[in-house]
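Please read the structure below before turning to the comments.
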Amino acid sequence: MKKIIFGLVVAILFVGCSESNEKPVDLTPNEYQDPLSNLDALKKEYNINKQGLVIEFATKGVDTTQIFFNGKIDGKLWIGCYDKTTKNNLLDWTETTKLDTIVDIYKGYGEHTIFQIGEYVVKYPYKRDNSFCFLFRLRGQTNYVITDLYFIDNNGLIKKDRLIPDNFGFGLYESISPWFEGVIVKKVDMAVSNYICYTMRGDSLFSFPHTTYTPDNCTPINYEECIYFDIFYSTNNAHIKRINVKTENIIWDSGVFQIERFPTNARIDSKNIVKQNDIWIYEINYTQFDGKKDTVKVSVNINSGNFEII
């Protein structure tokens, strides 16, 4: 059972959120989880020369203006975060205890499995102010994965939670998405996917099931309420709602409506939100099959639910 591949449930979540009323929020999928190669060149580029440090992995952050490294110093986990433009160091943190190299996993009925760890990888690293959140995956030679969820504040560890899969291979922290002033963490357990809302200090606020509403199609107003906006790509229909994901209460609902200017065979190139106080303008940039590019916008009053295609 340990050989069950966790790729069956891996899905990358992307969502933009911003407190600014002027800067657009980019909702376009990106490739921030691709591992970055040529660690020696990156180490030189960012002037990383800590004594005893062995860098093992690098990836772009959820905020793609940042790059994260993970490695070991004397067997202890080291995490570094840098600004990609200025090359300034934003996080330089070393755990106080050594990393596990083997984990004794209790299978039940008096049986144990010794899990030997072969790879350590930081995933979905996210920075907000002086706080950081990331997943740390410990992978064995048989694709068995243990995930640790870390919260770091002011260069100190606030919370660390480990999730070990069960005998059927279920039990994984899968992804992190920004959400209001905190994050949404996707957790797969017993073949059921749930989202857990956390503050940046690691306080769990509530959870909700992975159903219609996801960080892919919802943008938070506060921790509990968000605007759901979705386009059905096989048609030119769209749907907007203000919902409370904690209680599943619908505050207002536009109903399904047509965007006649949006072709049914169009490829969406990017999606953004421009927030102007209570008015959010959704910008959908697309390319038609013949190569022609265009933009359609939907202006929404998030309080009343009134909307206009512009």
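What follows draws every value from the coordinates through simple rules; no lab data is involved. Since we're looking at a predicted model, the values are computed, not measured. As a convention, Cβ positions derive from the backbone with ideal geometry for all residues, glycine included, and neighbour counts pool all protein chains shown.
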Scoring only Lys, Arg, Asp and Glu (+1, +1, -1, -1) among other residues with Cβ under 10 Å from the Cβ of V121 yields +1
Can you give the charge dipole size of the chain about its Cα centre, rounded to the nearest 20 debye, using +1 on the beta carbon of Lys and Arg and -1 on the beta carbon of Asp and Glu? 600 debye
Any idea how far apart N154 and T247 come out in nm if each label point goes 7 Å out from Cα toward Cβ? 3.5 nm
Distance check, please: which entries in K98/K160; K87/K159; K127/K159; K50/K87; K60/K186 exceed 21 angstrom between their Cα atoms? K87/K159
Which listed residue (V145, I231, N277) has the Cα farthest towards the positive end of the charge dipole for the chain, taking +1 on Lys and Arg C-beta and -1 on Asp and Glu C-beta about the Cα centre? V145
GNM of the chain, Cα pairs under 10 angstrom: of N70, N88, N244, the biggest fluctuation goes to N88
Run down the lysines and flag those whose C-alpha is under 22 Å from the C-alpha of K297, throwing out any fewer than 8 positions away in its chain. K23, K241, K271, K275
Please give the FRET efficiency for V256 paired with T287, using the beta carbon to beta carbon distance and R0 = 22 Å, rounded to the nearest 0.05. 0.35
Longest span of the chain, sites excluded, free of GluC sites (Glu not before Pro) in DSSP loop with at most 13 other C-beta atoms within 10 Å? 32-247
Need one number: nm distance between label points at N222 and Y106, each 7 Å from Cα along Cα→Cβ, rounded to one decimal. 4.2 nm
Find, among the chymotrypsin sites (Phe, Trp or Tyr not before Pro) in region 236-306, those assigned to loop by DSSP (not H, G, I, E, B) with at most 14 other beta-carbon atoms within 10 angstrom. F289
Given points 7 Å out from each Cα along the Cα-Cβ axis, report the T96 to E308 separation in nanometres with one decimal. 5.8 nm
